[in-house]
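Heads up: the structure comes next, in structure tokens.
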Amino acid sequence: MKVSLLHNRDAGDGFRLGEVRRVIEAAGHEVVHDLEAGSDPVPILPSDVDLLAVAGGDGTVRKAVDAFEGARRPFAILPFGTANNIARVLGYDGPLDALPRRWANGRRMAFDVGVARGKWGERRFLEGVGIRLIPEFLRTAKERLEENGDGDAGAQLELSRRVFRETLALLKPQRCALTVDGDRLEGEFLFVEVLNIGAIGPRLSILPEADPSDGFLDLVTAGEEGRDELLALLDENPSGGRPALPTRRVRRVEMLDWGSLHIDGKIEAGDDGAVSVGVEPGRVEFLV
């Protein structure tokens, strides 16, 4: 295969670009060019590229999809991030040198892309969109990570998980009203998430059965009665099974006065405008 290598040198523990190229070529592929994810302007791909290999974390994968979703080439992930939620959901695990060897016999999997629209414009997402707990966690985690300086991916993940516990302990339920596929839903919530994949944040496996190729999103909510279940999401290998939170498969969620919300790993201000969240089925493909 002829491969375009999209990378983020700062992801997770970082990596050596030459080493990544070496393992790809050792598997029998040819790296025809490489570029920094998020580069501007977006370069035009060579016509003979067969595969877009993304070396980085969840943010790098989203930037690559934003830039090249119309290229009609499959993506593959070489995970170098901190959480690597997208890679983990798609089964990109194992030693780095083993992953490119799977590409020749890989299966192309359609992957839905979520889209959020507000007064700030339109944003696409791969993981999820939500209010209350996750944006509060993301804001505090960013501050704490900056205060603590650079650390390896393991240390960053552990700090993020500690911040999640602290944020959840201090958070109070808030009244929210949503329109879910035309139905009104109201309640006092700690957590409202519209998921494209079943994992977000610091490896929170919220809904392992979520299918990012089914043309639906999954709405997951929790009020005060779900606080313990939210805390239990930090357990990556729960002995008693995954905590049950109220879940509904949806195509569209709308809300007024969201306040702050996250779109994947970024925070947007909802303020006083309406936000609409939907799904674009099978927008991209991954080689799995």
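The values are calculated or read from the model by the stated rules, or taken from the named source; none is laboratory data. Nothing here was measured: the structure is a model prediction, and the numbers come from that model. Neighbour counts are summed over all protein chains in view; Cβ atoms, including those assigned to glycine, are modelled from backbone coordinates with ideal geometry. In case anyone asks, the SASA skips ligands and DNA or RNA and just uses the protein heavy atoms, side chains included. Shrake-Rupley method; radii C 1.70, N 1.55, O 1.52, S 1.80 Å.
Annotations for the structure displayed:
- Extension gain, Glu225 back to Glu166 (0.36 nm per residue minus Cα-Cα distance, nm): 19.5 nm
- The chain - share of DSSP beta bridges that are antiparallel (%, nearest 5): 75
- Rel. contact order, % - alpha carbon contacts under 8 angstrom, at least six apart, the chain: 22
- Residue ranges 128-139, 221-232, 64-75 sort as 128-139, 64-75, 221-232 when ordered by packing (mean number of other C-beta atoms within 10 Å per residue, highest first).
- The relative contact order of the range 69-161, computed from alpha carbon pairs under 8 Å that lie at least 6 residues apart in sequence, is 24 percent.
- For the Cα trace of the range 1-160, dividing Rg by the Kirkwood Rh returns an Rg/Rh value of 0.97.
- Per-residue packing, averaged as other Cβ atoms within 10 Å, sorts the ranges 91-101, 198-208, 158-168 into the order 198-208, 158-168, 91-101, beginning with the highest.
- Whole-number accessible area per residue in Å² for the chain, which is evaluated in the context of all protein chains at 1.4 Å: 45
- Only helices enter the 222 nm calculation for the chain: every DSSP H run of n ≥ 4 contributes -39,500 (n - 2.57), and dividing by all residues gives -7000 deg cm²/dmol, rounded to 500.
- Accessible-area order (highest first, 1.4 angstrom probe) of the listed residues Leu170, Leu190, Leu256, Leu35: Leu170, Leu256, Leu35, Leu190
- For the range 170-288, alpha-carbon Rg relative to the globular expectation (2.2 N^0.38 Å, N residues): 1.08
- Against the chain, whose longest principal axis is taken from its Cα atoms, helix 17-26 shows a tilt of about 70°.
- The fraction of Cα-Cα pairs per 5 angstrom bin, counted from 0 for the range 162-238, comes to 3, 13, 24, 22, 21, 12, 5, 0 percent, rounded to whole percents.
- Principal-axis analysis of the Cα atoms of the chain puts helix 58-68 at an angle of about 70° to the longest axis.
- Choice from Asp183, Asp50, Asp34 showing the highest fluctuation, given a GNM over the chain with Cα pairs closer than 10 Å: Asp183
- Calculated diffusion of the range 109-184, Stokes-Einstein form, Kirkwood radius summed over Cα pairs, 4 °C and 1.567 mPa s, µm²/s: 85
- Among 78-87, 274-283, the peptide with the highest mean count of other Cβ atoms within 10 Å heads the list, and the full ranking is 78-87, 274-283.
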